[in-house]
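The next block holds one structure in the form of structure tokens; read it before the comments.
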2 protein chains.
Amino acid sequence: MQVDSDATQHLQKAASAARDAARALAKSPESQRNAALCAMAKHLRDDAEKIFAANATDLAAFTGSNAFRDRLALNPARLDAMAKGLEDISSLPDPIARILSEWTRPNGLRIRRVAQPLGVIGIIYESRPNVGADAAGLCLKSGNAVILRGGSESYHSAQAIHAALTAGLRDTHLPEAIVQVVPSTDRAYVAAMLAAAGLIDLVIPRGGKSLVERVQQEARVPVLAHAEGLCHTYVHAAADPAMARAIVLNAKLRRTGICGATETLLIDRAIAPSLLPGIIADLRAQGCDFRADDEARVLIPDLPAATDQDFYTEWLDSILSVRVLDGVEEALAHIARYGSEHTDAIITEDAQAAEKFLAGVDSAVGLWNASTQFCDGGEFGFGAEIGIATGRVHARGPVGLEQLCTYRYVVTGTGQVRP
Amino acid sequence: MQVDSDATQHLQKAASAARDAARALAKSPESQRNAALCAMAKHLRDDAEKIFAANATDLAAFTGSNAFRDRLALNPARLDAMAKGLEDISSLPDPIARILSEWTRPNGLRIRRVAQPLGVIGIIYESRPNVGADAAGLCLKSGNAVILRGGSESYHSAQAIHAALTAGLRDTHLPEAIVQVVPSTDRAYVAAMLAAAGLIDLVIPRGGKSLVERVQQEARVPVLAHAEGLCHTYVHAAADPAMARAIVLNAKLRRTGICGATETLLIDRAIAPSLLPGIIADLRAQGCDFRADDEARVLIPDLPAATDQDFYTEWLDSILSVRVLDGVEEALAHIARYGSEHTDAIITEDAQAAEKFLAGVDSAVGLWNASTQFCDGGEFGFGAEIGIATGRVHARGPVGLEQLCTYRYVVTGTGQVRP
């Protein structure tokens, strides 16, 4: 790990200011937080020219791929979507101070478990400028302070967006330290964030597998993330054929670049001869390629052969790994070995088989007769998400406002002492 | 961090076996887990002579303090309490597979958030042999596999207890890998556990501040713990005097060595002249010593003077820091600066002041008109606890069976694809 005392000192000061700001924010009325979100949206729109100019500076210096350039580029529609995103967050229910449970002990003590902001959240993201505004909005709404570290290619864009967000905080009399950006593209600031145990309560990395894995390896603070979405759709022998075809097509090809896209098709031996050719034909008609095991290639000889490594591969592309197997147990064993504990689906009309699969699949999301592409905070009804978590601690699956909270206990008595 | 390839290899094998065992355990019926707990208790009682012999070996080699020796020593009453503890856990409600929430989306998808074991838990504890059995029982009941690393002074005792626990698993046809102990007192095994990201889902250190802080600093796996319980009792101007005296006496002296013991008394300027002398007299009559600020010493001149450092000190002894201040804001500011976010109480008859304190105190447990010594899983009604957490992620406060679970989503559809 890089150690840099300037970065560490800066981060400690920033995190300490963020902690104080978070304590003030946690006590703020919902109306004030919502007003701040709307004021931030207004300033994003008002600052459009400055933001586009900053973005042009970033784009002028950019030398990477066209796909990457596209993610970095801002335009009026994208800026408006960013502003609209903040306004949408303002209309979501307040996640703070919900009473999660409540009971009274025989000695009369009344115990309440109450939701509460986590505190100070660090966001480390790649060069999609909207991630900073989205994350800041979700953190603010949930009463958390946030320290943003965007990709170095988007540095000027991030600063300009931050200026607009800060103006919104100022307008609504909230501390500016609620939303901070690190002041440099130096990677030492990332190292300092990841080392800031006790100062930063949670780090959420948003980006590709290598970014997330680096964060997970280096962090001494808690991390909520997924490195991979190696999702499976398992077509069981008792699947409805038309439903299976429609779901596999959607799960693989609706969008191939998202983490909930299906990467591997598992199909039961009993139904493969009648159903697999149709599934493959549907996908092929939309330009999908395949990596298939020997048994699938007996049925459809022109499928390219899969290596074992292919089943470990998150394609994020129009490629599908295909394996023929026999029954729920074999499907679960395959998923346990090759999967990433993200999202896995079974297609079947047999409720018992579905229950067995859903009870046995050790993933953040298990689905029955639906597309894996539904693994998404919006589709779950959370209104917005800050990411998907595949770890086992704190939160699994889509991370929305509720998951950006912790809880604490409030105990009220009438003079009780412990015997 | 020490790196030791033998320890790392062993740990990887152990954790992988634990993962498989945990997957089997997660599917086991409650009755089987409860039978295993009772069988473990029986074998602990049946193996009493072997366990006492192993404990005698540990005691013969022990060269530490008498207090430490007392914690290490087993006797029939303590062994029976250990066995009884496992039987008690068997009678607690099953924490697995509870439906935590459930809703249906407009497109007909039914989403359930379901409780689930965390997976593989590592316990690092000092030389109190009962901790291993208690922790194993709580992990087993909650469907988790556990890897135990006890203090090196209790090595033989831990092995003998582990043999009894394993016999109980065997009797009830559960995999022995559910409860494992590290095979050596080498500290490299601790380092290997703390480095085992992805293999061990959570580490819980049980012991003194230095053990916990070492674990927190070194761990690359999630940690649930508290390093300190620097708890405050704040006597507000509107406190009932008799209640305040009774609560402070109990909060400080009922047991001074537990993390929920009050270490600092804060008292409002308005009530200190009439109330503080009585509080001090009650405590003095039971042998308590004091570290008091100047204002308290004006009222009671023979109190020893406090340094600033004293207010940062968790005495775990019959010593109380005392500060006179003015109002809820000042009390909250003191607690935010000197406290450990563990447990803090206000004593007052003024509901508004209490609400302000409870809303502002950023601790795992906030109490109103009750003793801080109530911060305990048993007192909260959890039946048993594996520790207290003062972090902000996953769980805060007493950690019982529910907190040893994570959740996942089970989504059932009727062929839905994402538009």
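Every number in this text was worked out from the coordinates using simple rules, so none of it is lab data. Computed from a predicted structure; not experimentally measured. All Cβ positions, glycine included, derive from the backbone under ideal geometry; neighbour counts span all protein chains shown.
Observations
- Cα-based convex hull, the stretch A:294-339, per residue volume (Å³, whole number): 81
- When you restrict to C-alpha pairs under 8 Å that are six or more residues apart and normalise by the size of the stretch B:231-376, the relative contact order lands at 34 percent.
- Contact order for chain A, expressed relative to its length and based on alpha carbon pairs under 8 Å spaced 6+ residues apart, stands at 18 percent.
- Placing +1 on the Cβ of every Lys and Arg and -1 on the Cβ of every Asp and Glu, with nothing else charged, gives chain A a dipole about its Cα centre of roughly 1760 debye.
- Quick note on the protein assembly as shown: its Rg to Rh ratio, both from C-alpha atoms and Rh being the Kirkwood radius, is 0.99.
- Largest-first principal axis extents of the Cα set of the stretch B:231-376 (Å): 36, 31, 27
- Here the Debye sum runs over all C-alpha atoms of chain B as equal scatterers in vacuum, and log10 of I(q)/I(0) at q = 0.11, 0.13, 0.14 Å⁻¹ comes out as -0.89, -1.11, -1.20.
- Cα pair count fraction exceeding 29 Å, expressed as % - the stretch A:5-224: 27
- Evaluating kT/(6 pi eta Rh) at 25 °C and 0.890 mPa s, with the Kirkwood radius of the stretch A:134-239 over Cα pairs in the Stokes-Einstein relation, gives 156 µm² s⁻¹.
- Rule-of-thumb Rg ratio for the stretch B:1-132 [Cα; 2.2 N^0.38 Å; N residues]: 1.45
- Modelled label positions at A:R255 and A:A81, each set 7 Å beyond Cα in the direction of Cβ, lie 0.8 nm from each other.
- Stretched out straight at 0.36 nm per residue, the stretch from B:D294 to B:E102 would grow longer than its current Cα-Cα span by 63.4 nm.
- Near the amide H of A:V203, within less than 5 Å, lie the amide hydrogens of A:G122, A:V223, A:L224, all on another chain or at least 5 residues away, with H placed in the peptide plane.
- Between the helical axis of B:327-338 and the longest alpha-carbon principal axis of chain B there is an angle of about 50 degrees.
- The protein assembly as shown: calculated mean residue ellipticity at 222 nm from DSSP helix runs of at least 4, using -39500 (n - 2.57): -13000 deg cm²/dmol
- Among A:A191, A:A22, B:P398 the positive-end extreme of the charge dipole of the protein assembly as shown (Cβ point charges): B:P398
- Convex hull volume of the Cα atoms of the stretch A:88-151, normalised per residue: 85 Å³.
- In a simple Cβ point-charge model (Lys, Arg +1; Asp, Glu -1; nothing else charged), the stretch A:152-252 has a dipole of about 240 debye relative to its Cα centre.
- Across peptide B:213-222, the average count of Cβ atoms from other chains found within 10 Å of a residue's Cβ is 2.
- Label points for B:S101 are taken 7 Å from Cα along Cα→Cβ. From this copy to the others they lie 1.5 nm apart, shortest first.
- Cβ crowding within 10 Å averaged over residues, with A:384-390, A:301-307 ranked highest first: A:384-390, A:301-307
- In a reduced charge model with +1 at each Lys and Arg Cβ and -1 at each Asp and Glu Cβ, the stretch B:1-84 shows a dipole moment near 320 debye about its Cα centre.
- Distance violations [Cα-Cα > 22 Å] among A:K42/A:K141; B:K50/B:K84; B:K252/B:K356: B:K252/B:K356
- Relative to the dominant Cα principal axis of chain B, helix B:241-253 is inclined by about 50°.
- Under the Debye formula (equal points on every Cα, no solvent term), log10 I(q)/I(0) of the stretch A:341-419 at q = 0.16, 0.23 Å⁻¹: -0.68, -1.08
- The chain A residue nearest the rotation axis shared with chain B, using its Cβ and rounding the distance to whole Å, is A:H394, 2.
- Look at the Cα gyration tensor of the stretch B:179-279: its axes a ≥ b ≥ c give a/c of at least 1.5 with a/b over b/c, and that counts as prolate.
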